[in-house]
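Down below is the structure, laid out as structure tokens.
Only the coordinates and a few stated rules stand behind these numbers; no lab work does. Computed from a prediction, not measured in an experiment: that's the story for all the values here. Neighbour counts run over all protein chains shown; Cβ positions are idealised from the backbone, glycine included.
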Amino acid sequence: MIAKKEFYYAISKLSMLLTYPVSIYFITKYLSQFEQGFFYAMFALAQIQILADLGFNSTLGYYISSYWHKLLILNNEVVGCEDSKLGIKSLLSSAIRWMVILIPLSIILIGIIGYQILSRVSHEAKIDWEIPWILVSISIGINLLSSSLRVIAENSYHLKESQKASIFSLLLSNICLCTALYFGMGLYSLSLLLIVQGLIINFYLFWKLKPIIKLIYLKEQNLIKLPVQFIKQQILAGIGGIASYIMYQSFVPILILNVGAVEAGQFGLLMQIYFFCHSLSMIWLANEQPYFGKYWASSSSSMLLNSLNTLIKKSFITSFLIIFMVISVIYLAKEYLPNYGDRISGMLVCSVMLFVVILKQPQAIYASAIRYGKKEPFLVPVFAVSILVMLVNYFSSKYSLLYLAVAYLIFNGIILTYITSKISIKIIGNHFK
């Protein structure tokens with residue numbers, strides 16, 4: 001079963017491996033340096049949607065995982081423990097109410113924030129960005145819904161369906177992106193990418209998750225109320241989401257204000273490659289993490305610890321090989337294809353930033369496992385490190401991006417990984433005594 005899940009995940013990452021270099025080629029070929037800066041700034045601003053749900057989706061996933069291990073789908077119907085079915089119904093009802101309020105509010109607020117930031121730097125060049133940004137803002141609502149559907153799919157052990165949705169959306173949305181760029185649609189291509197991406201995931205997962213979604217129509221009225229712990233964990237996850245956004249997505253919006261669209265675009269391309277490498281290295285974690293909830297619920301310490309140790313070893317090796325190959329490609333591009341190689345930050349900055357992907361593998365794995373135990377002990381260190389990274393970005397980027405890269409490696413790659421590992425090992429030891 002694991003092999004089958006990993007096969008589909010590997011296919012989704014192979015799709016990334018094929019589409020990302022092509023999309024990067026089209027972006028650097030058909031967008032000017034200024035447009036590239038706006039492209040990545042708009043993309044980073046759109047990711048504020050990570051904050052918009054205030055931690056609801058991640059908390060929803062933890063609870064669905066704990067309920068679903070007593071359920072299964074048979075003859076297109078969910079069967080199993082009635083209390084677990086009522087628990088899933090309660091979660092779905094809460095998700096619908098949350099999205100009805102959240103989606104329009106997010107579109108308006110994020111749209112206004114992005115407009116204010118982009119309008120401050122639009123004088124650098126005459127760029128048609130206003131209408132594309134409005135369309136990007138609309139895509140935020142579409143993708144908020146798709147995030148909830150993916151959480152439901154992955155934590156009800158429908159990993160294959162979630163990965164298929166990712167493959168279809170990745171391939172088709174990137175085809176739309178490259179086609180739009182080729183025909184000179186400029187920044188409209190980003191809004192097309194995000195809208196198509198969200199719509200494909202929504203339609204596919206609605207269709208595949210119909211047996212689960214139908215639980216919303218259960219006639220039983222004695223619903224299980226969301227526990228106070230859910231609300232507390234959501235608040236903590238929401239604060240953690242703010243820290244995560246600052247840590248990974250605040251670079252380009254700050255840089256476009258500090259040093260202009262050109263250098264912001266170069267660093268934005270570097271961060272796209274960073275996320276690509278990190279995503280590829282997560283092949284093992286992505287398929288195992290929905291089972292963390294089962295390990296916690298069954299008090300299976302040996303299974304959890306064995307899973308974590310195996311995941312860390314595999315992820316270290318995988319990330320090292322990926323980073324080595326990517327840095328080699330960047331070096332060759334800068335040496336022999338400078339028209340494209342110069343669209344990314346300097347070689348030393350790239351190497352330092354990408355090395356963080358290797359160092360933070362234990363951090364990602366331990367943090368995921370602990371959160372599936374309905375615990376959020378990393379809030380203070382993550383928030384503190386994210387603020388330090390943002391401050392270094394703001395005050396040092398005017399002088400050298402290398403200062404920013406080195407600080408990021410020290411704070412996120414070394415210090416936060418060490419703290420996360422220590423806290424996680426202690427919590428697991430105490431819980432399973």
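The Rg/Rh ratio for region 261-433, using Cα coordinates for both the radius of gyration and the Kirkwood hydrodynamic radius, is 1.03.
Specify the longest stretch of the chain that does not include any exposed loop site, a site being one of the chymotrypsin sites (Phe, Trp or Tyr not before Pro) with a non-H, G, I, E, B DSSP assignment and at most 16 other Cβ atoms within 10 Å. Formally, the longest exposed-site-free interval is 184-398.
Among residues other than residue 331 with Cβ under 15 Å from its Cβ, the summed charge is 0 (Lys and Arg +1, Asp and Glu -1). Normalised Debye scattering of region 1-226 at q = 0.15, 0.18 Å⁻¹ gives log10 I(q)/I(0) of -1.02, -1.28, counting only Cα atoms as equal scatterers and leaving out solvent.
With semi-axes defined as the square roots of five times the eigenvalues of the C-alpha gyration tensor, the equivalent ellipsoid of region 98-169 measures 32, 15, 8 Å, largest first.
Among the trypsin sites (Lys or Arg not before Pro) within region 101-208, those in coil by DSSP and having at most 15 neighbouring Cβ atoms inside 10 Å are 120, 126. Taking label points 7 Å from Cα along the Cα-to-Cβ direction, residue 105 and residue 340 give a separation of 4.5 nm.
Seen from a random direction on average, the alpha-carbon convex hull of region 154-254 projects onto 9.6 square nanometres.
Sequentially through region 168-182, phi angles give Karplus couplings (6.51, -1.76, 1.60; θ = phi - 60°) of 4, 5, 5, 5, 5, 5, 6, 4, 4, 4, 5, 5, 5, 5, 4 Hz, Gly and Pro residues having no value and appearing as x. Each of 305, 387, 264 was scored by the projection of its Cα onto the charge dipole of region 261-433, and the greatest displacement toward the positive side belongs to 305; charges sit on the C-beta of Lys, Arg, Asp and Glu. Comparing 31, 216, 52 along the charge dipole axis of the chain, the residue lying farthest to the positive side is 216, per the Cβ-charge model. You can think of it this way: the chain between residue 72 and residue 116 has 11.0 nm of extra reach, that is 0.36 nm per residue less the Cα-Cα gap. The alpha carbon centroids of region 103-157 and region 349-427 are separated by 26 Å. The translational diffusion coefficient of region 95-240, from Stokes-Einstein at 20 °C and 1.002 mPa s with a Kirkwood hydrodynamic radius over alpha carbon pairs, comes to 122 µm²/s. Above 25 angstrom, tally the Cα pairs of region 38-157 and express them as a % of all pairs, no decimals. Counting every Cα pair in region 38-157, those more than 25 Å apart make up 39 percent.
Seen against the Cα atoms of the chain and their longest principal axis, helix 416-431 is set at about 0 degrees.
If the Kirkwood radius is taken over C-alpha pairs of region 262-361, then at 37 °C and 0.692 mPa s the Stokes-Einstein diffusion coefficient equals 218 µm²/s. Dividing the convex hull volume of the alpha carbon atoms of the chain by its residue count gives 132 Å³ per residue.
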